[in-house]
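Quick note: the coordinates plus some simple rules give every number you see, no bench work behind them. Just so it is clear, the model here is predicted, and its values are computed rather than measured. No Cβ is skipped: glycine too gets one built from the backbone with ideal geometry, and neighbour counts run over all protein chains shown.
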Amino acid sequence: MLKIKGLKAEIEGKEILKGLNLEVNPGEVHAIMGPNGSGKSTLASVLAGREEYEVTAGSVHFEGKDLLELAPEERAGEGVFLAFQYPVEIPGVSNINFIKTAVNEVREYRGLPNLETKEFMTLLKEKQQLVELSGKLANRSVNEGFSGGEKKRNEIFQMAMLDPKLGVLDETDSGLDIDALRIVSHGVNELKSKDNAFVVVTHYQRLLDYIVPDYVHVLLDGKIVKTGSKELALELEEKGYDWIIKELEEEKL
Amino acid sequence: MATLTVTDKDRFLINQEGQDFSHEAKTFIKIRELALKNLKGLDFPSNKLEDWKYTNLKELGKLEFRPQSAANIHADKINEFKIKNLDAYFLVFVNGFFEPSFSDVIEDKESDFLVTNLNTAKKEFIKLVEPHLGTQTRAKDQFFVNVNSAFSQDGAFIYVKSKAKLDKPVQIIHLVDGDLVAAYPRNLIVVEKFAQAKVVLTYDTIETHSALCNSINEVVVEEGALVQLDKIQNENTNTYHISADFAHQAKDSTFTINTLPANGKVIRNNLNILLNGSNSTANLFGAICLNGNIHVDNQTFVDHAKPHCESNELYKTVVNDQATAIFNGKIYVNKIAQKTNAFQSNANILLSEEAKANAKPQLEIYADDVKCSHGCTIGQFDDEALFYLRARGIKESTAQKVLLDAFIGEVLDHISNEAVRAYANQLIAKNFKSQFAALKN
Ligand SMILES: Nc1ncnc2c1ncn2[C@@H]1O[C@H](COP(=O)(O)OP(=O)(O)OP(=O)(O)O)[C@@H](O)[C@H]1O
Ligand SMILES: [Mg+2]
């Protein structure tokens, strides 16, 4: 589904991704862990098409298509969804109009007709319930004045509405209390199927108790340097990243 | 030997002469004479004047604009300028002259309100007109205010008796037709104690290669009265529009003006609001969405003369292409105007490299117990927000439109009439159509 090969990317002349490889197949959940500043959000942004990042080498293919050729909205249309680490507040744009516009534009891209208001409302209710998002938030401006937890649930709600093939969750668990964490994870698990896949960026193994990964990758200084099973996450949380750095240095010698 | 030179001002003023006002009552002729006297001491506005620093009228000064009545116009043509779905009284003026056959006149002396033209009112309702006409426009230093005072052909007269409510809004349609027209529409709106009125002013063009519309609106808002004015300027790109709006507010009154300059060549709006009674409120909103080469200069002046008054000012601007937007907002708080609340905000978004915006707030505060705030911003649409929308599958063109609507919507929400708001939205969408279409490709 997703094939990243030798990906290098920079921002303002500073190289952040330094030859990253990753392959994700349908039905899989991949966790990416790594210290602050290692490039996790950069990877997510490059996948979503943020224009500030310049890809200098490598390739990204999504279902056989060159993802890097596509505009952000086309990537969303193809089925890539990024849950932002820091969801953006957009004053004056109501959440419900926003999601309705998004749903219909994505449907248009996929060659589907616009949803009738009734169908849309039914879908909306269903997905709001999935992440226990209060209906009151629908009429407020996008993310404006939302609590941290509400913002994150709003991301998963949008993901549910847009039904992507690949969901990239950038620290969706950060700042969530246990209840919110359970709700968000439940949402993701409900959406999970054999046809879609998730890349979950996190610092905490506790999320991975709920969303069980098939693979755990360690991203260090712009590269994936180690891949393991879900047990690796436990080890990382216990021991940090130094031992991996040491391991790498020993390999070099 | 001294050479005799004819200045732009001389030529301009000579061109305005030849209208016969001798049939008017003496009291009204006096207003014209005073204005002519003031003009003697004034120069044609140039960039040397602080007030005209950013708006250049050199070209206007060279053009031979003259008052002219329009040729016959078909009713179908006029109907195009009535706002769709607006249930209103319509008053139609062409080149400053009244068109009674296209207008809904209410002149019944028993009625709670009058909707007519000023020239009729000067004769039939002299007692209602005389105390107000020209009282707010005596400033000696305003060239174009004096030009209008001296040469104005006609305008609307709207009067609402105390405690009455104008049952429908009035749309005052002003049209310009013909080349080198100089039109001087002048509206007088008098709303007595605890009365209410809503007026929509629309300025449009039938056809012209070059025209000047120099308009004045004088509004009298008596104690406890409520007045809303929506002013929509949509003349063609050959038309200069220089206007001044005056509101005189008594205690407990509320006056709201929504200004929407959408099209034209050069638009200059001078807004003068005098809060002359305690506990009165003035709302000044501007939605300025510009494209092409238009130059729009909004100058506002809010005079807090009495305590416990409030003014809210919000001007939002989106500038595209080579257009220019100027904002100069002055708030004056008299030393007796304690407990004044004065807010002013001017936010500008530039959509192109060549678009220009210039913002200047001026606060002069002589009272010590006041709450005043002002803020000006000039920037672009928030990239983060744009990316967020696009990441959700929304096309860049749609995303821009969504952000534009959100930005300007904060102002348009103050237009209370739905049909007027829809019309405003339509004008804005039309202005940015090419912008959004270009992005789609
Ligand atoms: N706009 C920018 N300009 C310059 N440097 C940037 C910019 N954005 C990110 N960086 C740098 O890129 C590096 C990687 O940042 P990134 O956000 O991808 O890290 P991360 O792994 O997501 O970290 P965290 O765990 O803190 O979220 C950091 O050193 C960061 O400072
Ligand atoms: Mg990050």
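To the nearest whole percent, what portion of all C-alpha pairs in chain B is separated by more than 43 angstrom? Of all Cα-Cα distances in chain B, 10 percent exceed 43 Å.
Taking the longest Cα principal axis of chain A as reference, the axis of helix A:148-162 is set at about 80 degrees. Only aspartates and glutamates eight or more places from A:Lys125 in sequence, or on another chain, were considered; those with a Cα closer than 20 Å are A:Glu105, A:Glu116, A:Glu150, A:Glu155, A:Asp163, A:Glu190. Residues A:Met1, A:Met33, A:Met161 in ascending order of nearby Cβ atoms (within 10 Å, fewest first): A:Met1, A:Met161, A:Met33. With the largest listed first and rounded to whole Å, the semi-axes of the equivalent ellipsoid of segment A:150-207 from the Cα gyration tensor are 18, 12, 10.
Highest mobility in the GNM of chain A, judged by mean-square fluctuation with C-alpha springs under 10 Å and restricted to A:Glu116, A:Glu150, A:Glu132, is found for A:Glu116. Counting Cβ atoms of other protein chains within 10 Å of each residue's Cβ and taking the mean over peptide A:45-51 gives 3. What the phi angles of segment B:416-423 give under the Karplus curve with 6.51, -1.76 and 1.60, with θ = phi - 60°, is a coupling list of 6, 7, 4, 5, 5, 5, 4, 5 Hz, glycine and proline written as x.
Amide H contacts of B:Cys289: B:Val318, each under 5 Å away and 5 or more positions distant or on a separate chain (H built 1.01 Å from N in the peptide plane; Pro and chain starts excluded). Note that the protein assembly as shown carries a Kirkwood radius of 28.8 Å, evaluated over its alpha carbons pair by pair. Remark: mean inter-chain Cβ contacts per residue of B:377-390 equal 5, using a 10 Å Cβ-Cβ cutoff to other protein chain atoms. Residues whose amide H comes within less than 5 Å of that of B:Tyr54, counting only those at least five positions distant or on another chain, are absent (H built at 1.01 Å from N in the peptide plane).
Counting only other chain Cβ atoms within 10 Å of each residue's Cβ, the peptide A:91-102 averages 5. Working from Cα pairs under 8 Å separated by at least six residues, relative contact order for segment A:127-217 is 32 percent. The fraction of Cα-Cα pairs per 5 angstrom bin, counted from 0 for segment A:2-252, comes to 1, 6, 13, 17, 19, 17, 13, 8, 3, 1, 1, 0, 0 percent, rounded to whole percents. In order along segment B:59-66, phi translates into HN-Hα couplings of 5, 4, x, 8, 8, 8, 6, 9 Hz, rounded to whole numbers, per the Karplus curve 6.51 cos²θ - 1.76 cosθ + 1.60 with θ = phi - 60° and x for Gly and Pro.
Using DSSP, restrict attention to beta bridges with both residues in chain B and report what percent are antiparallel, rounded to the nearest 5. So the antiparallel bridges amount to about 5 percent of the total.
Peptides A:238-251, A:92-105, A:64-77, B:350-363 ranked from most to least packed by the mean count of surrounding Cβ atoms within 10 Å: A:92-105, A:64-77, B:350-363, A:238-251. So which residue, out of B:Lys339, B:Lys316, B:Lys40, gets the largest mean-square fluctuation from a GNM of chain B using Cα contacts under 10 Å as springs? Result: B:Lys40 has the largest fluctuation of those listed. Put the Cα centre of segment A:1-76 next to the Cα centre of segment A:188-253 and the gap is 17 Å.
Express the relative contact order of segment B:8-277 as a whole percentage, based on alpha carbon pairs under 8 Å and six or more residues apart in sequence. Contact order relative to length: 16 percent. Of the beta bridges in the protein assembly as shown, as assigned by DSSP with both residues counted there, near 20 percent are antiparallel. Largest first, the three principal axis extents of the alpha carbons in segment B:271-356 are 45, 15, 15 Å in whole numbers. Across chain A, C-alpha contacts under 8 Å between residues 6 or more apart give a mean separation that, scaled by the residue count, equals a relative contact order of 27 percent. GNM remark for chain B: springs join alpha carbons under 10 Å apart, and the peak mean-square fluctuation among B:Gln338, B:Gln233, B:Gln19 falls on B:Gln19. The H on the amide N of B:Lys360, modeled in the peptide plane, is under 5 Å from the matching H of B:Phe327, B:Asn328, B:Gly329, each at least 5 residues off or on a different chain. Rounded if a/c is under 1.5, else prolate if a/b is larger than b/c, else oblate: which is segment B:132-186, with a ≥ b ≥ c the root eigenvalues of its Cα gyration tensor? Note, shape of segment B:132-186 comes out oblate.
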